[in-house]
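Have a look at the structure that comes next, please.
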Amino acid sequence: MKKNLLIGLFLIILVATGLGISYEKNLDRLAYGLTLFSGAEQYKNFNRMEEIYPVTTMTASTEPFEFEEGSTILLPPSFSYNGVDINVESFLAETDTSALLVIHNGKVRLEKYWLTGGRNVNWLSMSVSKSFIATGVGIAVDDGLIDILKPITDYVPSLAGSAYDDVRIKDVLQMSSGAAWNEDYNDTESDIMRLAKIMGVGGSLDNFVSTLVRERQPGTRNHYNSADTQALAMLLSRATGKSVTDYLSEKIWHPLGMETDGYWMVDDNNVEMAFGGLNATARDYAKLGELHRLKGKWQGRQIVSEGWVNAATQPDAPHLQPGVNKEFPLGYGYQWWIPETLEGEFSAIGVYNQFIYVNPTRDLVVVKLSAFSDYAVTLDESSYREIETIEFFREVANFL
């Protein structure tokens, strides 16, 4: 309620003072931002972000790749979570699922859409985009443009004096930068909300990242921080001499045969919202998961090295292991989440229940796109449901 009143008052002041005219282009963004993490339905927004925000475009591949069709499976009727049987249909409805795509051994075994979702409908990635950014960094490493054991400020001098000064790129990849950060979606003054506010009222994402200060020794604690991904985007553009849009178009979007245009939401300086602003279809999201299931190889071509994929999807330090982080029980790699597993599972996860889940042992990739309206309205797990969703994916694997 307090957030609604403050933003509403801000809009009234803009219009009353005549400043509303110059900010007219931002009003839709502000109105949309007002509804986030409030319990409001989002399925009529997440499918049309390019209408609300300025975007850059990764054009569809001129040689689109379509997954083979396999025999269609039925969904399991239920799955177990915390000793309770959860009805699958109810779970999918309660989390406002818009797309569910199951790829098994490279073939489509199930593809369903609800609400405003559809095969050719782009959907907001939220933090799933972080895994795309990390893959771009991996390709740049393979190309000899980046050394992740070097400080990020060797490549991005504008971060000197900030929390990222002299911090290894590897630590930034592993969300262990040591930067002071609050990712509380219920706090309008949290760092994540102040960063996201730039997309509504204007400003520079890069400049914001450069203002962060250090809280702890880098490489000692996994502390989820969306600004770490934004810093990686700065690294990627400086090291390659190209925008994130152009580099990922050349190195990922086109080589993987993406079937539709992908959009990056951008700030006033045309800088991509790397931490959560990608928009793509379920099938195109699935290709990043399939690329990693196949150890970086795609249609006979090594897109990103097998060594990078292995490092990106396995925790390699005590503070990165599943169960160690009190904030979230999953382990962490290079912008990929890793559950406690004997099957090598890993996942890209975004708020509002976005997933690219990969189980290499079962030859499985699952994409779930959603608009879970109750997301983060309370601090209880029932307002997040990420761990529950992973158990659902595991039951799908068992059902196969």
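The values are calculated or read from the model by the stated rules, or taken from the named source; none is laboratory data. Everything numeric here is computed off the predicted structure, so don't read it as measured data. Note: ideal-geometry Cβ built from the backbone for every residue, glycine included; neighbour counts use all protein chains shown. Remember, those area values only see protein heavy atoms, side chains included, never the ligands or the DNA or RNA. Shrake-Rupley method; radii C 1.70, N 1.55, O 1.52, S 1.80 Å.
What pairs from Lys44/Lys287; Lys197/Lys326; Lys107/Lys130; Lys44/Lys242; Lys242/Lys368; Lys44/Lys130 go past 29 Å between their alpha carbons?
In this structure, Lys44/Lys242; Lys242/Lys368 exceed 29 Å between Cα atoms.
In addition: Mind grabbing the base-10 log of I(q)/I(0) for the stretch 269-362 at q = 0.12, 0.14, 0.15, 0.17 Å⁻¹? Debye formula, identical points on the C-alpha positions, no solvent, two decimal places.
-0.42, -0.57, -0.65, -0.82
Which GluC sites (Glu not before Pro) in the stretch 279-331 pass both tests, a DSSP loop state and at most 10 other beta-carbon atoms within 10 Å?
Counting only loop positions with at most 10 other Cβ atoms within 10 Å, the GluC sites (Glu not before Pro) in the stretch 279-331 are Glu327.
Further, regarding this structure: Given the convex hull of the Cα atoms of the chain, what is a quarter of its surface area in nm²?
Across all orientations, the chain yields a mean hull projection of 18.6 nm².
Something else now. Near Ile169, within a Cβ-to-Cβ distance under 10 Å, what is the net charge of the other residues, with Lys and Arg +1 and Asp and Glu -1?
Summing Lys and Arg as +1 and Asp and Glu as -1 gives 0.
Quote the FRET efficiency, to the nearest 0.05, computed for Thr35 versus Glu327 with a Förster distance R0 of 22 Å and r equal to the Cβ-Cβ distance.
Here the calculated transfer efficiency is 0.30.
With charges set only on the Cβ (+1 for Lys and Arg, -1 for Asp and Glu), what does the dipole of the stretch 36-399 come to about its Cα centre, in debye to the nearest 20?
Here the stretch 36-399 has a charge dipole of around 600 debye.
While we're on this one: Quick one: length gained pulling Gln217 to Leu379 fully straight, 0.36 nm per residue minus the C-alpha distance?
Extra length from Gln217 to Leu379 when fully extended: 55.5 nm.
How much length would be gained if the chain were fully extended between Lys44 and Glu340, taking 0.36 nm per residue of separation minus their Cα-Cα distance, in nm to one decimal?
Taking 0.36 nm per residue and subtracting the Cα distance, the gain is 103.1 nm.
Out of Leu256, Leu342, Leu36, any idea which swings most in a Gaussian network model of the chain, alpha carbons joined below 10 Å?
Leu342
Still on this model: If I compute solvent accessible area with a 1.4 Å probe over the protein chains, what percent of it on the stretch 343-400 is carbon and sulfur?
Roughly 47 percent, rounded to a whole number.
Under a 1.4 Å probe, what is the accessible area of the stretch 253-400 per residue, stated in Å²?
32
Here is a further query. For a Förster distance of 41 Å, can you work out the FRET efficiency between the beta-carbons of Asp28 and Phe65, rounded to the nearest 0.05?
0.75
Tell me, in nm to one decimal, what length is gained between Lys107 and Ser90 on full extension, where the rule is 0.36 nm per residue of separation less the Cα-Cα distance?
3.5 nm
For the stretch 171-238, what is the Kirkwood hydrodynamic radius in Å, using each pair of distinct C-alpha atoms?
Computed over Cα pairs of the stretch 171-238, the Kirkwood hydrodynamic radius comes out at 12.3 Å.
Sticking with this one: Describe numerically, in nm with one decimal, the distance between label points set 7 Å from Cα along Cα→Cβ at Val201 and at Asn398.
4.9
Sticking with this one: Under unit Cβ charges (Lys, Arg +1; Asp, Glu -1), what dipole magnitude, rounded to 20 debye, does the stretch 216-364 have relative to its Cα centre?
The calculation lands at about 320 debye.
To the nearest Å, what is the center-to-center distance of the stretch 97-140 and the stretch 212-242, using C-alpha atoms only?
24
Radius of gyration and Dmax for the stretch 309-365's Cα atoms, expressed in Å?
Every Cα atom of the stretch 309-365 included, Rg and Dmax give 10.9, 31 Å.
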